[in-house]
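A.B. asks: Supplied in structure tokens, the structure appears directly below.
The values are calculated or read from the model by the stated rules, or taken from the named source; none is laboratory data. On a predicted model such as this, the values are computed, not experimentally measured, just so you know. Cβ placement follows ideal geometry from the backbone for every residue including glycine, while neighbour counts extend to all protein chains displayed. Surface areas here come from the heavy atoms of the whole protein model, side chains and all, with no ligands, DNA or RNA. Shrake-Rupley method; radii C 1.70, N 1.55, O 1.52, S 1.80 Å.
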Amino acid sequence: MGVRIGSGLSTEPDARFGAAEAAAAARDALGGRACDLALVFGGGAHLAAPEATLEGVHDTLAPAVLVGCGAGGVIGESREVEEGTAVSVWAAALDGGEATPFHASVEPLGDGGGMLSGLPDLGGATGALLLSDPFTFPTDPVLRELSSAAPMLPLLGGLASARSPDDDTPLFYGDEVVTSGAVGVRLDGVEMLPCVSQGAAPIGPELTITACEGPVIGELAGRPALEKLRETIEGLGADELELVQGGLLVGIVIDGNKPDYVQGDFLVRGLVGADAETGQVAVGTPVRPGQVVRLHARDAGSADRDLRRALGARMAALGGRRPAGAILFSCNGRGAGLFGHAHHDAAALDHELGGAPAAGFFAAGEIGPVGGEYFVHGFTATVAVFAG
């Protein structure tokens with residue numbers, strides 16, 4: 001029968017009723033099949049009464065496994081609600097596949113460090129989803145560890161983007177509301193294709209790092225890094241110079257074992273500092289000598305083209321099969337603020353994935369792989385595309 005997915009979105013002001021309404025739409029799309037996995041994202045009244053939200057979903061959908069989080073905005077099929085009360089429910093019948101939920105947390109140690117617990121071994125999994133609290137869970141270090149322990153795994157997710165009136169971060173785990181750590185699922189026997197669209201266009205030539213330490217680049221192509229970047233910018237055409245006015249970014253190749261690099265091969269990070277005396281520049285991630293970098297710029301047009309290109313590549317990978325559905329983690333800096341109109345990313349998914357059911361939320365950071373390693377991104381749309 002294949003994987004079957006449904007989704008629903010409600011803006012009803014009552015948390016329990018709204019959750020039940022969204023869950024009913026997702027349930028009905030499953031065509032009578034039991035729900036093996038549900039994802040729930042809620043904002044507004046759902047932050048004040050998360051227990052009621054879970055009651056509405058469980059009573060209506062009865063999922064075997066449920067995870068989710070509080071959100072500043074939620075996403076449904078062709079629709080985005082960027083603020084106010086709304087809940088999005090995504091449901092899947094996995095056709096023999098397995099979803100194993102987890103709640104990971106960090107226990108403080110006496111030396112000021114912490115011990116990670118609850119994160120399962122992801123080796124051999126066919127996919128994983130991770131939703132973390134940015135205040136209590138060290139997502140970046142955990143992803144670095146997972147990059148070594150379970151490389152090349154389709155691992156996607158996002159950082160919860162809203163707090164409750166009590167200043168907690170609601171995370172949904174089964175029928176419980178937890179307020180720290182991270183929740184997620186390990187997937188087995190489920191074909192999930194990762195899609196990462198950083199929404200930035202490469203400009204100028206490729207440059208090789210010849211001296212660096214941590215996130216600080218000392219030399220590019222044997223010259224002081226700042227000097228080389230200025231020279232590169234001066235050589236840009238008028239259109240590229242206009243893009244740079246919106247903010248200069250640096251793309252860093254993670255997997256150097258390719259003859260040529262295209263847009264999705266670069267990890268895009270901000271240029272966070274420069275020292276005119278030493279000629280050094282700092283980027284938002286550690287780098288190493290020999291890595292190739294290229295300037296990038298972000299605008300609505302490049303973000304639209306990149307998302308559609310990335311989704312098209314996943315459709316090609318499916319070889320003509322229709323996707324069963326998708327989960328979208330979009331940066332809370334995208335939406336109408338970037339594109340000038342609402343519903344952009346949701347509508348792009350609907351168009352490029354042939355109307356496959358989708359849901360998701362606006363995240364405070366998006367989790368996805370680049371070059372076989374896992375990162376927290378910004379201004380990015382990461383998408384889990386499920387084969388039928």
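A.B. asks: Could you list, in sequence order, the residues of segment 191-210 that are buried (at least 24 other Cβ atoms within 10 Å of the Cβ) and part of a loop (DSSP other than H, G, I, E, B)?
C.D. replies: Gln198, Gly199
A.B. asks: Further question: I need the full set of residues from segment 98-117 which are polar (S, T, N, Q) and open to solvent by less than 50 Å² (accessible area, probe 1.4 Å), in order please.
C.D. replies: Ser105, Ser117
A.B. asks: Return the pair list, or none, for Cβ contacts closer than 6 Å from residues in segment 253-274 that are closer than 17 Å to Thr208 by Cβ to residues that are among the charged types (D, E, K, R), at least 6 apart or on different chains.
C.D. replies: Listed by first residue and then by second, the contacts come to Val253/Asp265; Ile254/Glu373.
A.B. asks: Ok, one more. For residues that are loosely packed, with under 14 Cβ neighbours inside 10 Å and among the aliphatic types (A, V, I, L, M), tally how many sit in segment 134-156.
C.D. replies: So the count comes out to 2.
A.B. asks: Can you tell me which residues in segment 237-261 are over 19 Å from Ala300 (Cα atoms) and hydrophobic (A, V, I, L, M, F, W, C)?
C.D. replies: Once the filter is applied, which keeps residues that are over 19 Å from Ala300 (Cα atoms) and hydrophobic (A, V, I, L, M, F, W, C), segment 237-261 yields Ile252, Val253, Ile254.
A.B. asks: Among the strands (runs of 3 or more DSSP E) contained in segment 270-388, which hold 3 or more residues that are surrounded by 19 or more Cβ atoms within 10 Å (Cβ to Cβ), acidic (Asp, Glu) and at pLDDT below 95?
C.D. replies: none
A.B. asks: Could you list, in sequence order, the residues of segment 105-132 that are in contact with a helix residue (DSSP H, G or I) (Cβ under 9 Å, 6 or more places away or on another chain) and under 30 Å from Pro323 (Cα atoms)?
C.D. replies: Leu119, Asp121, Leu122, Gly123, Ala128, Leu130, Ser132
A.B. asks: Can you find a residue in segment 102-112 that is small (Gly, Ala, Ser) and under 19 Å from Gly360 (Cα atoms)?
C.D. replies: Looking through segment 102-112, none of the residues is small (Gly, Ala, Ser) and under 19 Å from Gly360 (Cα atoms).
A.B. asks: Here's something else I'd like to know. Failed condition for Asp168, given (1) free of Cβ contacts under 8 Å to residues at least 24 places away in the same chain; (2) surrounded by fewer than 17 Cβ atoms within 10 Å (Cβ to Cβ); (3) part of a loop (DSSP other than H, G, I, E, B), with all others met?
C.D. replies: (2)
A.B. asks: For the subset of segment 118-133 comprising residues that are in contact with a Ser or Thr (Cβ under 7 Å, 6 or more places away or on another chain) and either at pLDDT below 95 or of a type outside the set (S, T, N, Q) (or both), which member is surrounded by the most Cβ atoms within 10 Å (Cβ to Cβ)?
C.D. replies: Asp133
A.B. asks: Which ones in segment 1-27 are open to solvent by 50 Å² or more (accessible area, probe 1.4 Å), closer than 13 Å to Pro357 by Cα and either of a type in the set (Phe, Trp, Tyr) or not in a strand (DSSP E or B) (or both)?
C.D. replies: Arg27
A.B. asks: If I ask for residues that are surrounded by fewer than 24 Cβ atoms within 10 Å (Cβ to Cβ) and in contact with a strand residue (DSSP E or B) (Cβ under 6 Å, 6 or more places away or on another chain), which ones from segment 80-93 would you list?
C.D. replies: Selection gives Ala93 alone.
A.B. asks: Given the conditions (1) modelled with pLDDT under 95; (2) under 19 Å from Cys69 (Cα atoms), and given that Ala150 satisfies all but one, which numbered condition is not satisfied?
C.D. replies: (2)
A.B. asks: Search segment 171-189 for residues being of a type in the set (Gly, Ala, Ser) and assigned to a strand (DSSP E or B), and hand back the single one that is nearest to Glu107 (Cα to Cα).
C.D. replies: So, considering only residues that are of a type in the set (Gly, Ala, Ser) and assigned to a strand (DSSP E or B), the one nearest to Glu107 (Cα to Cα) is Ala182.
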